[in-house]
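The values are calculated or read from the model by the stated rules, or taken from the named source; none is laboratory data. All figures in this text were calculated on a predicted structure; none of them were measured in a lab. Using ideal geometry, Cβ is built from the backbone for each residue, glycine included, and neighbour counts are taken over all protein chains shown. We work out accessible area using only protein heavy atoms, side chains counted, and drop any ligands, DNA or RNA first. Shrake-Rupley method; radii C 1.70, N 1.55, O 1.52, S 1.80 Å.
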Amino acid sequence: MLPQRSIWLHPKSPDIVQIVDQRPLPHQLAIADLTTVDEATIAIKDMWVRGAPLIGATAAYGVYFAVKEARTASNPAEFFSQKIDQLLASRPTAVNLAWAVNRQLEAILGIEDWGKKAEIAFDTANQIVEEDVAQCHQIGVHGLALIEDCYKKTGKPVQVLTHCNAGRMACVAWGTATSPIYQAHAAGIPVHVWVDETRPRNQGARITAWELAQAGIPHTVIVDNAGGHLMQHGMVDLCLVGSDRTTLTGDVANKIGTYLKALAAHDNDVPFYVALPSTTIDFTLKDGLKEIPIEKRAESEVTKIQGWTGESLEQVLLTPKDSPAANYAFDVTPARLVTGLITERGICDASEAGIRGLFPDLG
Ligand code: MRU
């Protein structure tokens, strides 16, 4: 049966964190147990879990495991600090990771006893998970109004284009970009989603399409280069994407290819919205292009492609065997191309004034 969430505590043993291992989706539903900080790090680094909010939630449990393990280390403080560095280095672009780790460090600051620290870190990780569920739900409430407006104007199914997976497998539940879509569907508003396949790891084709199919939401998978064509022909009412890190000035880092969709949307007067919880805002940055670290991943993700033979998952070589490949995992869409940010507190301009207006208490 499909789990309700992407991460949860083992029902019989709350010391074990369970996740959907997203690598074989949609062909196999694999559940993995995380019990150590090293396992949490591998799950993030090797993309068993992925998507900014879920990376943050997994890292939060990683800190809890690190505290627990530190209790029996010969030098607990040194062990703990090394494991925190390891977690922080596991994926560089999604700021939710550093946000969650820092939230944990603040929570245990000043506590001497490692047992007490572990209790606090466990509770804090659980809080982070529950807050993400609530925030993503609220993103849906606010984003629903945009879909509703489109429907009122045209009276036709609302055509939404999305990139990568900003769905429930990228968060704990609901998703960011998909939350308004789920809520529109539940409200009886007809929606159809154009799903960018999202090379090289195909999170759109594999995971977004799977999630939408589970929810019975009409969708069509398209190659990454099709979006511009669809927009030129009036076949997209709204672009809705997620974010891995958004600067205080509204520049948006998201999965590679997002920028090209924003350019096409701008050229065709298609509204381009980014859905994100405040945990994805990096209040310390003002220039996304210069300041957001862009993860570079293995060449093999580009040169090879994974698919289901009907019996097993296989990887096959796509390129000439000696051709080098470059694998930039994210790009930055400048704020000027973003129509608005959909957050848990409402929709704002992609600007410092907009963000500060909604979040005067943060940053
Ligand atoms: O490399 P991934 O799969 O972790 O990248 C995920 C994305 O780019 C998502 O669109 C982003 O995290 C927003 S998800 C809520």
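Listed residues Ala213, Ala205; which is assigned to a helix (DSSP H, G or I), small (Gly, Ala, Ser) and away from the ligand (no atom under 16 Å from the Cβ)? Give the derivation first.
Numbers: Ala205 fails: away from the ligand (no atom under 16 Å from the Cβ).
That would be Ala213, the only listed residue that is assigned to a helix (DSSP H, G or I), small (Gly, Ala, Ser) and away from the ligand (no atom under 16 Å from the Cβ).
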Task: Residue check, Ile19 of a type outside the set (Lys, Arg), in a helix (DSSP H, G or I) and open to solvent by less than 10 Å² (accessible area, probe 1.4 Å) - done: no
Open item on the list: Out of Trp174, Trp194, I need the residue that is of a type outside the set (D, E, K, R) and either modelled with pLDDT under 95 or in a strand (DSSP E or B) (or both). Which one?
Closed with: Trp194
- [ ] Looking only at the range 187-196, decide whether some residue is within 14 Å of the ligand (Cβ to nearest atom), buried (at least 24 other Cβ atoms within 10 Å of the Cβ), within 27 Å of Trp99 (Cα to Cα) and in contact (Cβ under 8 Å) with a residue 24 or more places away in the chain.
- [x] no
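Only one residue in Arg91, Arg71, Arg50 is more than 30 Å from Gln183 (Cα to Cα) and within 12 Å of the ligand (Cβ to nearest atom), so which one is that?
Working: Arg71 fails: within 12 Å of the ligand (Cβ to nearest atom); Arg50 fails: more than 30 Å from Gln183 (Cα to Cα).
Selected residue: Arg91, the only one of Arg91, Arg71, Arg50 that is more than 30 Å from Gln183 (Cα to Cα) and within 12 Å of the ligand (Cβ to nearest atom).
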TODO: Determine the pairs where a residue that is open to solvent by 10 Å² or more (accessible area, probe 1.4 Å) and more than 8 Å from the ligand (Cβ to nearest atom), located within the range 166-182, has a partner that is part of a helix (DSSP H, G or I) and of a type in the set (S, T, N, Q) with Cβ atoms under 7 Å apart, the partner being 6 or more residues away or on another chain.
DONE: Arg168/Thr178
Task: Residue check, Glu148 under 20 Å from the mean Cα position of the chain (by Cα) and not aliphatic (A, V, I, L, M) - done: no
- [ ] Quick one: Gly310 ticks every box in (1) away from the ligand (no atom under 16 Å from the Cβ); (2) touching a strand residue (DSSP E or B) at 6+ places or on another chain (Cβ under 8 Å); (3) among the small types (Gly, Ala, Ser) except a single one, so which number is it?
- [x] (2)
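Kindly provide the set of residues from the range 237-273 that are part of a strand (DSSP E or B) and touching a helix residue (DSSP H, G or I) at 6+ places or on another chain (Cβ under 8 Å), ordered by number.
Of everything in the range 237-273, those that are part of a strand (DSSP E or B) and touching a helix residue (DSSP H, G or I) at 6+ places or on another chain (Cβ under 8 Å) turn out to be Leu238, Cys239, Leu240, Val241, Arg245, Thr246, Thr247, Val252, Ala253, Lys255, Phe272, Tyr273.
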Open item on the list: So Gln28 ticks every box in (1) in contact (Cβ under 8 Å) with a residue 60 or more places away in the chain; (2) within 16 Å of the ligand (Cβ to nearest atom) but one. Which box is left unticked?
Closed with: (2)
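I'd like to check which strands (runs of 3 or more DSSP E) are fully inside the range 302-352 and have at least 3 residues that are surrounded by 12 or more Cβ atoms within 10 Å (Cβ to Cβ) and touching a Phe, Trp or Tyr at 6+ places or on another chain (Cβ under 9 Å). Break it down stepwise before answering.
Working: elements: 304-308, 313-317, 330-333, 340-343, 346-348.
Of the strands (runs of 3 or more DSSP E) lying wholly inside the range 302-352, those with at least 3 residues that are surrounded by 12 or more Cβ atoms within 10 Å (Cβ to Cβ) and touching a Phe, Trp or Tyr at 6+ places or on another chain (Cβ under 9 Å) span 330-333, 340-343.
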- [ ] Answer with yes or no whether Trp48 is closer than 24 Å to Arg297 by Cα and aromatic (Phe, Trp, Tyr).
- [x] yes
Task: Condition broken by Pro293, with the remaining ones in (1) within 13 Å of the ligand (Cβ to nearest atom); (2) assigned to a loop (DSSP other than H, G, I, E, B) satisfied - done: (1)
